[in-house]
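Reading through the structure tokens given below for one structure.
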């Protein structure tokens, strides 16, 4: 970031202000009201900017469709157990068969309903994407705050570590780990993805923290006797959160892609139906040339959900980074 | 001389990173349930036999001795014997490494060149139909799920149209035929290379294009572009000689950062196309519990990523004099 960006960034992120002396319980309520109002105002302003970006709106609409799919994933198996994506088998169909009224997208090699699997895939993608992204961003933000605030050898050590992790080919690292540990469950996968993907976040948060810690209000907090933890979490963290939030959208995509690739290569959790798993089945059972109704939907969903998060991320970038607003 | 110091620094950092990765790998294999000999030991063996095997593998040594032996063997090129192939891992890796380098470097260079020149063009004609078309194509190509896209390309071009081979790198009938000379063989490899290369190209050029476009839009606002215009230079000259070289710098950094990402993609592409490369060996070794091969192909891939990062740094320092001071 240039100094120019820095200035603009400063104008958008107001430091948490000092409160006048009020009784503690009143002060807390006052602060909560004040904080909530400001948060809502910032949110509506941000939404105004976001709404004017057509690509961002397209991304958000796409994402709503996937969210609907994830929510609807419980319905088919309630209608009839044969629609269970994992165990349900149509008694009349032994193998893969094209779309019909009974099975909108056809059935897979065991006679399971592909549409039901697709819906559950959306749920799994959201769970994997959001939990891995949340952990990665939380970890990256913590590391960035600590490195930026304490500086010196702490900073050097943490940032060297971030550099090392940054150059590791994530998918292959997970492969190697699964070679050693054996079959990875979906939660192990999520955890490893998070551990491998926090470093870009920590770099950005660190550079923000470096400038924030030089501010007068941090100085004031220090003089009034606040400890490092309080300064970091109460005074610096709120100002880097918008940026961390932006990074979360990009981490979500990365996590979904890694999980899908892993499942595609045959190292997914055998207890879950993910889109990557569906592709692995159609590929490994040799149906890819015969069953386009089975090959096309899962990959289409993975690509579209990636696209939608990417578009949302770019639009959010404009909200968080006002410099870009003028350009568009 | 500043340049030399910068490069020495970077080299040292990269060597440290490599040692770090080696150590992590060592620890990973040691904390794993069971020890490396459990693949060979079976329950019928007597405790004496087990002890003998452990001694042969050096597993009775203290852990730091094992670590030093591990490091020493790596630099001696003694990577152990592959369980699956039954031959030294070094030979396996030697035979597949050139194939990976061929596919990977050609794909990276081609997509970077295309991304830079198209991104330059799109930014220069900002808002025009060609800009919107290029940017949207780049955006969509960038987000395609690679293995799925590869399967669809195989389906269309190899299965339906029968233009390219389904998989592999060579056709045995051409390579076993003594009549066929160097050109016929090269042509055969190119024929096999085309589709995986195309897939990697389409997936990767989009990222370069998007970065180049936004970086170019920044550079165009700079004063020196105004100066160039005031001097009466042609539009084309300003674009190609004043704006583009400056805008390309972030793209080069991006090449470095996305290398790990494209190596992942390379492994997926190699697996789908059965391209006999390092990434596919790693995937196969992991599913066959071939630990020595999995471990070493992972280390060699990491070394490749690090070496290419170093190349990118050198290139960057060479292109941008500011970095040297």
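Using only Cα atoms and rounding to the nearest 10 degrees, what angle (0 to 90) does helix B:2-31 make with the longest principal axis of chain B? Computed tilt is about 40 degrees. Classify segment B:177-325 as rounded, prolate or oblate, taking a ≥ b ≥ c as the square roots of the eigenvalues of its Cα gyration tensor: rounded when a/c is under 1.5, otherwise prolate if a/b is larger than b/c and oblate if not. It is prolate, given that a/c is not under 1.5 and a/b is the larger ratio. Cα centroid separation, segment B:241-276 to segment B:46-90: 36 Å.
Only counting other Cβ atoms within 10 Å, I'd like A:218, A:89, A:137, A:124 sorted with the fewest neighbours first.
Working: A:218 19, A:89 16, A:137 27, A:124 24.
Exposure proxy ranking, most exposed first: A:89, A:218, A:124, A:137.
Please label the shape of chain B as rounded, prolate or oblate, based on the square roots a ≥ b ≥ c of the eigenvalues of the alpha-carbon gyration tensor (a/c under 1.5 means rounded; beyond that, a/b larger than b/c means prolate, else oblate). Could the numbers behind the result be given before it?
Values: a/c = 2.69, a/b = 1.59, b/c = 1.69.
Verdict is oblate for chain B.
Assign one of three labels to the protein assembly as shown, namely rounded, prolate or oblate, based on the Cα gyration tensor with a ≥ b ≥ c the square roots of its eigenvalues; rounded applies when a/c is under 1.5, prolate when it is not and a/b is larger than b/c, and oblate otherwise. Write out the running numbers ahead of the final one.
Values: a/c = 1.32, a/b = 1.29, b/c = 1.02.
Because its axes are fairly even, with a/c under 1.5, the protein assembly as shown counts as rounded.
Under 10 Å, Cα contacts only: if you run a Gaussian network model on chain A, which one of A:240, A:190, A:65 comes out with the highest mean-square fluctuation? Looking only at A:240, A:190, A:65, the largest GNM fluctuation is found for A:65. If R0 is taken as 25 Å, the Cβ-Cβ distance between residue B:171 and residue A:289 corresponds to a FRET efficiency of 0.80. Each of B:69, B:211 was scored by other Cβ atoms within 10 Å of its Cβ. Arranged with the fewest first, they read B:69, B:211. Among B:135, B:108, B:23, the largest mean-square fluctuation in a Gaussian network model of chain B (Cα springs under 10 Å) belongs to B:23. Hey, rough spin-label estimate for residue A:65 and residue A:156, points 7 angstrom out along Cα→Cβ, what's it come to in nanometres? For residue A:65 paired with residue A:156, the spin-label model returns 5.3 nm. Compute the angle between helix B:278-287 and the longest alpha-carbon principal axis of chain B, please, reported from 0 to 90 degrees and rounded to the nearest 10. Taking the Cα atoms of chain B, the angle to B:278-287 is about 40 degrees.
Scattering from segment A:190-328 was approximated by placing one identical point on each alpha carbon and applying the Debye formula without solvent; log10 I(q)/I(0) at 0.09 1/Å stands at -0.45.
Here each label is just a point 7 Å from Cα along the line to Cβ, and for residue A:185 and residue A:42 those points are 3.7 nm apart.
Per-residue packing, averaged as other Cβ atoms within 10 Å, sorts the ranges B:147-153, B:313-319, A:258-264 into the order A:258-264, B:147-153, B:313-319, beginning with the highest. Name the residue, out of B:16, B:109, B:53, whose mean-square fluctuation peaks in a Gaussian network model built on chain B with Cα pairs under 10 Å. So, out of B:16, B:109, B:53, the one fluctuating most is B:53.
Give the angle, between 0 and 90 degrees and rounded to the nearest 10, that separates the Cα long axis of helix B:47-57 from the longest principal axis of the Cα atoms of chain B. The angle comes out near 40 degrees. Distance from the Cα centroid of segment A:183-200 to that of segment B:202-224 is 32 Å (rounded to whole angstrom).
Per residue of A:177-189, how many C-beta atoms from partner chains lie within 10 Å of its own C-beta, taken as a mean? Working shown, then result.
Numbers: counts 3, 2, 14, 14, 4, 3, 0, 0, 0, 0, 0, 0, 0.
Average per residue, whole number: 3.
Run the paramagnetic zone check for residue A:217: 7 angstrom along Cα to Cβ, then residues of segment A:232-257 with backbone nitrogen under 15 Å. Those under the cut-off are A:232-242.
Please arrange A:274, B:128 by counting, for each residue, the other beta carbons lying within 10 Å of its beta carbon, fewest first. Mind showing how you got there, number by number?
On the way: A:274 29, B:128 12.
Placing the least packed residue first, the sequence is B:128, A:274.
Every read-out reported here was derived from the displayed coordinates using simple, explicitly stated rules and does not represent laboratory data. Since we're looking at a predicted model, the values are computed, not measured. Heads up, the Cβs are rebuilt from the backbone with ideal geometry, glycines too, and the neighbour counts pull from every protein chain shown.
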